[in-house]
1. Regarding ILE179, is this residue closer than 22 Å to ARG209 by Cα, in contact (Cβ under 8 Å) with a residue 12 or more places away in the chain and not acidic (Asp, Glu)?
2. For the range 70-114, name all the residues that are over 26 Å from ILE172 (Cβ atoms) and in a loop (DSSP other than H, G, I, E, B).
3. Give me the residue from the range 152-169 that is within 14 Å of GLU124 (Cβ to Cβ) and under 23 Å from the mean Cα position of the chain (by Cα) and, out of that set, surrounded by the most Cβ atoms within 10 Å (Cβ to Cβ).
4. Within the range 50-70, is even one residue free of Cβ contacts under 8 Å to residues at least 60 places away in the same chain, of a type outside the set (S, T, N, Q), surrounded by 15 or more Cβ atoms within 10 Å (Cβ to Cβ) and in contact with a strand residue (DSSP E or B) (Cβ under 9 Å, 6 or more places away or on another chain)?
5. Looking for something among the hydrophobic types (A, V, I, L, M, F, W, C) and not in a strand (DSSP E or B) - is there at least one such residue anywhere in the range 37-46?
6. Step by step: first the residues of the range 121-137, then only those that are assigned to a helix (DSSP H, G or I) and touching a residue at least 24 places away in the same chain (Cβ under 8 Å), then the one that is farthest from SER159 (Cα to Cα). Which residue is that?
7. Is it the case that PRO91 is touching a helix residue (DSSP H, G or I) at 6+ places or on another chain (Cβ under 9 Å) and under 25 Å from ALA149 (Cβ atoms)?
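The values are calculated or read from the model by the stated rules, or taken from the named source; none is laboratory data. Quick caveat, the model's predicted, so the values are computed rather than measured. Positions of Cβ are backbone-derived with ideal geometry, glycine not excepted, and every protein chain shown enters the neighbour counts.
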Amino acid sequence: MNRHDSNLKTPLMKTNLWETALAVRCCQVTKEFGRGESRTPVLRGINLEIKLGEITMLVGQSGCGKTTLLSVIAGLLEPTGGELEVLGSRPIEMTDMERVVFRRRNLGFAFQQFNLLPSLTAAENAAVPLLAAGIKRTEAVEKAVDLLARLGMGQRVYSLPNQLSGGQQQRIAFARALIHEPRLVVCELLASIAVRPDCSVVIVTHDDRIFRFAHVIHSMSDGRIIGSERRERPNFGRKNRSGRQFETAAV
């Protein structure tokens, strides 16, 4: 439980995460858009387990359903059918407000559309999840400054988005996804990854340069998972000072 949201009600976990070691479980998950003759199936019976402490990548050609699957896992889209569990809870059983609180506490998002607020500095943009959770502004911004420095943005923490390159804006978006220490990070971009035993990262990508960072790669085609590859020794790069997590080089 995020200590900063302790006053908010959240659904109880349905399972013990340390017993299951699963962040996500999909059982015959489907997703369709439209109705009647215009109905379009996008996900066709997805069976998937994503473990805590691992980086999972979803790969495949454009239109194969990987971004839709990521959005279903993140709770941004509701599945049409099947069963979905995220961090031991079933989003379909939550109220709208419970889903909002659950996502705010437990999930981090980093999509290709950075959605940075133009009037806020880099540090303030990265601190938004903490500010939304009620953290004091000075504390939230201080934590964001520290995280951005670790992402190679130490000299630009007080710059506005329009003063930054696309790559620098990407790092701000990734910092915003990590700032509240979520247990599940879903993203379409990669700047740096910290993997804790109680955290999972799911990435949608076309970029085979970052495949070396994955524990598991799932290949998708036509709304189905057609193959999976487990890599026992991903190349994480250097260990950080604490020795508790690993960070990749920036990509």
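1. No: the conditions fail for ILE179.
2. GLU78, PRO79, THR80, GLY88, ARG90, MET94, THR95
3. Once the filter is applied, the top-ranked residue is MET153.
4. Checked against the condition, which is being free of Cβ contacts under 8 Å to residues at least 60 places away in the same chain, of a type outside the set (S, T, N, Q), surrounded by 15 or more Cβ atoms within 10 Å (Cβ to Cβ) and in contact with a strand residue (DSSP E or B) (Cβ under 9 Å, 6 or more places away or on another chain), the range 50-70 yields no hits at all.
5. No, that holds for no residue.
6. Checking each candidate, the answer is ALA132.
7. On the way: touching a helix residue (DSSP H, G or I) at 6+ places or on another chain (Cβ under 9 Å): yes; under 25 Å from ALA149 (Cβ atoms): no.
No: the conditions fail for PRO91.
Residues checked against (1) modelled with pLDDT of 95 or more; (2) aliphatic (A, V, I, L, M); (3) more than 20 Å from the chain's Cα centre (by Cα):
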residue	(1), (2), (3)
ARG44	yes, no, yes
GLU49	yes, no, no
ILE55	no, yes, no
LEU58	yes, yes, no
VAL72	yes, yes, no
LEU77	no, yes, no
GLY82	yes, no, yes
GLU85	yes, no, no
THR95	no, no, yes
